[in-house]
Amino acid sequence: MPEIAYVNGQFLPLDRAVIHVEDRGFQFADSVYEVIRTYGGRPFAMDEHLARLFRSLEAIELKPAFTADAMKAIVVEGIQRAGFAESVAYLQVTRGRASRHRGFPADTNPTVVLTVRELVGPATGAEEAGISVITLPDNRWGRCDIKSVALLPNVLAYAAARKAGAHDAIFVEADGSVTEATAGNVFIFTAGTLRTPPKGPKILPGVTREKILQAARESGIACREEAITKAELLDAEEIFISSTTNETLPVVSVDGKRIGSAKPGEVTKQVREAFLRAFVRKK
Ligand SMILES: Cc1ncc(COP(=O)(O)O)c(C=O)c1O
């Protein structure tokens, strides 16, 4: 059964999966999510994704009626039922259905949704050629560490980037510090060091970000988690964006300015290799 969904206890074909119009995820974005991919058909870094899901749930004061192990079993079953060579599982938990009022409902019955689709990597050629990005003011809320479904600023920033002829956008705070891309963490390589903005409320603590730092450090690349200014971004020798589905996506142009030789950099390639060697190929 391809393209499968799970809604509140039941597996069904994706195009038959529905939730109620008064679901708080739909009405208030009162909801958090995770995206988990497979390598060799097996879910990758599931424990890390579920730990982040439970942190997000705690941060929005949503007590789940399930354990991480129960969630894990649902994701594994969904992936098995879908049967793709490689899958991407989207897991979303909302504060459930209640008549529309901003107050938390007295009896919360969370909605749990899973969809499983075939994994689609970066657009053809993006990995080999690199992508162009524009910078945009970070107009998101102050808790970007919560993986909330309230992604309208990300949607609009991505649309603005496409309209400007770029592939994506990188957010920059009013003080000039780089936060992250619309769906990924930002890394730059400058003066012998790989740098990425530190964890905190301004960015999502990416599972891939963490794995990349570990793999890069283990392979002898100096890494620092510290603030990056827009000026440093524009002057970087190399830039890449990390995420579950794109792994490492090289950036070769920012606001129309060429980065390095306008080709994916050598360190970016080394880091990608180190990541794949450490976490993917050994499996
Ligand atoms: C805003 C944002 N930052 C970072 C990431 C990267 O997170 P991960 O590596 O866990 O996929 C994502 C993933 O979609 C994201 O949406």
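Values in this text are rule-based calculations from the coordinates and carry no lab data. Since this is a predicted model, take the numbers as computed values, not measurements. Heads up, the Cβs are rebuilt from the backbone with ideal geometry, glycines too, and the neighbour counts pull from every protein chain shown.
Quick notes
- Potential extension, E77-A129 segment - 0.36 nm per residue separation minus Cα distance: 15.1 nm
- Both radii are taken from the alpha-carbon atoms of the range 1-110; with Rh as the Kirkwood radius, Rg/Rh is 0.98.
- Contour excess over end-to-end distance, with Cα ends at A164 and R281 and 0.36 nm allotted per residue: 38.4 nm
- Highest mean first, the peptides 114-120, 240-246 sorted by other C-beta atoms within 10 Å per residue fall in the order 240-246, 114-120.
- Per-selection Kirkwood Rh - the range 97-164 (Cα, Å, 1 d.p.): 16.3 Å
- Computed [θ] at 222 nm, helices only, for the chain once each DSSP H run of length n ≥ 4 contributes -39500 (n - 2.57): -8000 deg cm²/dmol
- Ranked packing of 56-69, 137-150, most packed first, by mean Cβ within 10 Å: 137-150, 56-69
- Sequence ranges 47-54, 161-168, ranked by mean other-Cβ count within 10 angstrom, highest first: 47-54, 161-168
- Taking the convex hull of the alpha carbon positions in the range 70-229 and averaging its projected area over all directions gives 13.1 nm².
- Antiparallel bridges, percent of DSSP beta bridges restricted to the range 163-264 (to nearest 5): 85 percent
- Each of L50, V75, T38 was scored by the projection of its Cα onto the charge dipole of the range 19-88, and the greatest displacement toward the positive side belongs to T38; charges sit on the C-beta of Lys, Arg, Asp and Glu.
- Length gained on full extension, R117 to R100, computed as 0.36 nm times the residue gap minus the Cα-Cα distance: 3.0 nm.
- Dividing the Cα radius of gyration of the chain by 2.2 N^0.38 Å, with N the residue count, gives 1.02.
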